[in-house]
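The values are calculated or read from the model by the stated rules, or taken from the named source; none is laboratory data. Predicted model only: the values in this text are computed from it and were never measured. Here the Cβ is made from the backbone with ideal geometry for all residues, glycine too, and neighbour counts use every protein chain on show. Keep in mind that these areas ignore ligands, DNA and RNA; they rest on the heavy atoms of the full protein, side chains included. Shrake-Rupley method; radii C 1.70, N 1.55, O 1.52, S 1.80 Å.
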Amino acid sequence: MVQSLSLSTLTTSGTTAVYGSEVVGRRHYEIVGKAHVKSGIGRQSLWHGYVSSFYFKGNPSLLRKRNLRVKAGWPFKGGDQELGASSERSETANEDILIFFFQLDLATQVQRALNLEEYEIAQQLRNKLTEVEAEILKQKEAKRGLSSKSEAQDKAISIVRLRGDLQNAIETENYALAAKLRDDISKLEAESLAASAKALAYENAQYAFRLGQKVQHKIFGYRAVVCGMDPVCCESSSWMETAQVEKLSRGSNQPFYQVLVDVYADPNLLVAYVPEENLLAPEQPDLRRFDHPYISFLFYGMDAAGDFIPIKQLREKYNRPRHEIPLNPEGDEGGGITGNKG
């Protein structure tokens, strides 16, 4: 069984991709056992050569840009510390995308095995896919605050019990115990409120940006494409400290977006986790070329407005509706895809 789903728990081999200056990325996921040995299905995963040259090889201009650093002053009073765009780089977001690729790859391998009438192999792959999907679902529910809602209810019950103990301590004039119980109650109330707020935020999430939409970073200026979203910041406390989330006008309780950064804007960044207040939508359709190694796996292509069309599985992952753009009555001569699909 998959106990804790992460890149380290998945069997990997083969090639790697460059995540900034660190090696964290392209894995060739293989299914251990008969599926790999008998038919070689594992070898034909979408990872095999998917970034064989990536964007550095064959692009000398990008190689020259690899030392580029985007810096800007943090737009808040009280402090002259400068942050780079790398402060919002998220290995967690990148890993989430890679695990999503792994899930898609397993589904593809199941279908390939069925097409080849390798039914025993198909069953093995399907079992592995079921394990992965179950773990992803569990993590998704926790992330969405369903566990937080249950946690808030548990804390409410504990608060009722402690209030009873507090009343007994006061009646017996045990004021030291009463003071301690009062502090415990206050702490639990704060934790319960935070858990309830997180659960409520997921239930009533409102997003200013959509999957596949091209955006621009207000501070660092790079172009990016939205590929994921959370109603509140779901990163670690250390990440939030590095990104100085507490200095944001809306803090951590605002939507945060996983964005793919144009490699020509910053080849070292790849995937960033950006608060909603730091993103802008272009005023005019942006039909310029956008390069990123994940684009072809997460999107069908570009629509007539210059945004990308998310694959069906990506929309289902975030429970987002299809986005339809008005058809151009005069015809689209730019060769873009009108409307949406999936």
- In nanometres, the difference between 0.36 nm per residue of separation and the alpha-carbon distance of Asn168 and Ala197 is 7.3 nm
- Pull up all non-local amide H partners of Tyr300: gap of 5 or more, or a different chain, and H-to-H distance under 5 Å with H placed in the peptide plane. Ile309, Ile311
- Mean separation of Cα pairs under 8 Å and 6+ residues apart, divided by the residue count of the range 213-318: what relative contact order is that in percent? 27 percent
- Over the range 85-144, what is the relative contact order in whole percent, taking alpha-carbon pairs under 8 Å and six or more residues apart? 28 percent
- Message: Let me cross-check Arg89: its accessible surface, 1.4 Å probe, with only protein heavy atoms counted, in Å² to the nearest 10?
- Response: 50 Å²
- Message: Quick check: at a probe of 1.4 Å, how many percent of the accessible area of the range 270-311 sits on carbon and sulfur atoms?
- Response: 53 percent
- Query: Tell me, what is the FRET efficiency for Arg126 and Tyr207 to the nearest 0.05, using R0 = 41 angstrom and their Cβ-Cβ distance as r?
  - Reply: 0.75
- Query: Nearest 20 debye, what's the magnitude of the dipole of the range 213-318 about its Cα centre given +1 on Lys and Arg Cβ and -1 on Asp and Glu Cβ?
  - Reply: 180 debye
- Would you please give the FRET efficiency between Glu117 and Arg320, computed as 1/(1 + (r/R0)^6) with r the Cβ-Cβ distance and R0 = 30 Å, to the nearest 0.05? 0.25
- Message: In the range 85-144, if the dipole is taken from +1 on Lys/Arg beta carbons and -1 on Asp/Glu beta carbons about the Cα centre, which of Gln109, Ser90, Gln123 is farthest to the positive end?
- Response: Ser90
- So how much slack lies between Leu177 and Ser252, counting 0.36 nm per residue of separation and subtracting their Cα-Cα distance, in nm? 23.5 nm
- Ordering 261-273, 216-228 by per-residue average of other C-beta atoms within 10 angstrom, highest first, gives 261-273, 216-228
- Task: Convert each backbone phi in the range 278-294 into a coupling constant with the Karplus relation 6.51 cos²θ - 1.76 cosθ + 1.60 (shift: θ = phi - 60°), then list the ³J(HN,Hα) values in order as whole Hz, x for Gly and Pro.
- Result: 9, 10, 10, 8, x, 6, 10, x, 9, 9, 5, 4, 10, 10, 6, x, 8
